[in-house]
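K.L.:
The structure follows.
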Amino acid sequence: MSDQIIPKVTPPSSTSSPASLDPEREDLLSELGQSRYFLRHTARDLTDEQASRRTTVSELSIGGLIKHVAATEAHWAEFIVDGPSPADDFSAMTEDDFARRADGFRLLPGETLAGVLEHYAAVAARTDDLVRTLPDLSLSHPLPEAPWFPPGTRWTARRVLIHIVAETAQHAGHADIIREALDGARSMG
């Protein structure tokens, strides 16, 4: 991994989306942007080594959290469009599948913080475009069978987007704790 330092992230603009959007979509885009900003801002001025470092008893690192949030957002955006996929069947997962899933929470050899942030920006742009263009936020799909979802539950696109905001905000808080333990810098307080 390189020792490249990632520059500061610019806060989202309150006028980042066209005025023609309805207030609900504006609110979703604003909350997504704010949550993403806090997560990305936590990585400011870090080297790849620092972004990979664990500073708590968990396996989490700032780079790993950003990588995970990007993958999760991309997955949920695909769910909005296509519904559940066969890959969502947790009962069929092998040990290798679970190992690959765990790798989604850390920077692997050859991965860089800059690369993860670039990928996350691309994922965010696609999700934002989906929020702007999806004909109906009430479109729903059944959730995949998993121990944490009640059987037969359906989520609307609106509910999925709220979940993405919550997931991003939760992990931004995790990243803030890791960053403060790393070098004393704080992002959210």
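The values are calculated or read from the model by the stated rules, or taken from the named source; none is laboratory data. Keep in mind the model is a prediction, meaning the values are calculated, not measured. Cβ coordinates were reconstructed from backbone atoms using ideal geometry, including for glycine residues, and neighbour counts include every protein chain displayed.
K.L.:
May I ask you to list pairs of residues, at least six apart or on different chains, whose Cβ atoms are under 8 Å apart, with the first in region 170-187 being in contact (Cβ under 8 Å) with a residue 24 or more places away in the chain and acidic (Asp, Glu) and the second being buried (at least 16 other Cβ atoms within 10 Å of the Cβ) and outside any loop (DSSP other than H, G, I, E, B)?
P.N.:
176/38; 176/42; 183/50
K.L.:
Here is a further query. In this structure, does residue 51 turn out to be more than 26 Å from residue 29 (Cα to Cα), touching a helix residue (DSSP H, G or I) at 6+ places or on another chain (Cβ under 6 Å) and in contact (Cβ under 8 Å) with a residue 60 or more places away in the chain?
P.N.:
Details: more than 26 Å from residue 29 (Cα to Cα): yes; touching a helix residue (DSSP H, G or I) at 6+ places or on another chain (Cβ under 6 Å): yes; in contact (Cβ under 8 Å) with a residue 60 or more places away in the chain: yes.
So residue 51 passes the test.
K.L.:
Also, quick follow-up: When you check residue 117 against the structure, is it at negative phi and not in a helix (DSSP H, G or I), yes or no?
P.N.:
no
K.L.:
If you check residue 129 against the conditions, is it farther than 21 Å from residue 171 by Cβ, more than 15 Å from the chain's Cα centre (by Cα), of a type in the set (Asp, Glu) and modelled with pLDDT of 95 or more?
P.N.:
yes
K.L.:
Residues in region 75-101 that are assigned to a loop (DSSP other than H, G, I, E, B) and within 27 Å of residue 131 (Cβ to Cβ): how many?
P.N.:
Selection size over region 75-101: 3.
K.L.:
Looking only at region 35-59, filter to residues that are part of a loop (DSSP other than H, G, I, E, B) and among the small types (Gly, Ala, Ser); which one of those is farthest from residue 173 (Cα to Cα)?
P.N.:
Taking the candidates together, the pick is 58.
K.L.:
Taking into account only those residues within region 79-138 that are of a type in the set (S, T, N, Q) and crowded, with 16+ Cβ neighbours inside 10 Å, which is farthest from residue 69 (Cα to Cα)?
P.N.:
The extreme case among them is 112.
K.L.:
If I ask for residues that are within 20 Å of residue 83 (Cβ to Cβ), in a helix (DSSP H, G or I) and touching a residue at least 12 places away in the same chain (Cβ under 8 Å), which ones from region 120-150 would you list? Talk me through it step by step, then tell me what you get.
P.N.:
Restricting attention to region 120-150, the residues satisfying the condition of being within 20 Å of residue 83 (Cβ to Cβ) are 123, 126-127, 129-131, 133-150.
Checking the rest, the ones that are also in a helix (DSSP H, G or I) come to 123, 126-127, 129-131, 133.
Residues satisfying the conditions are 123, 126, 127, 130, 131.
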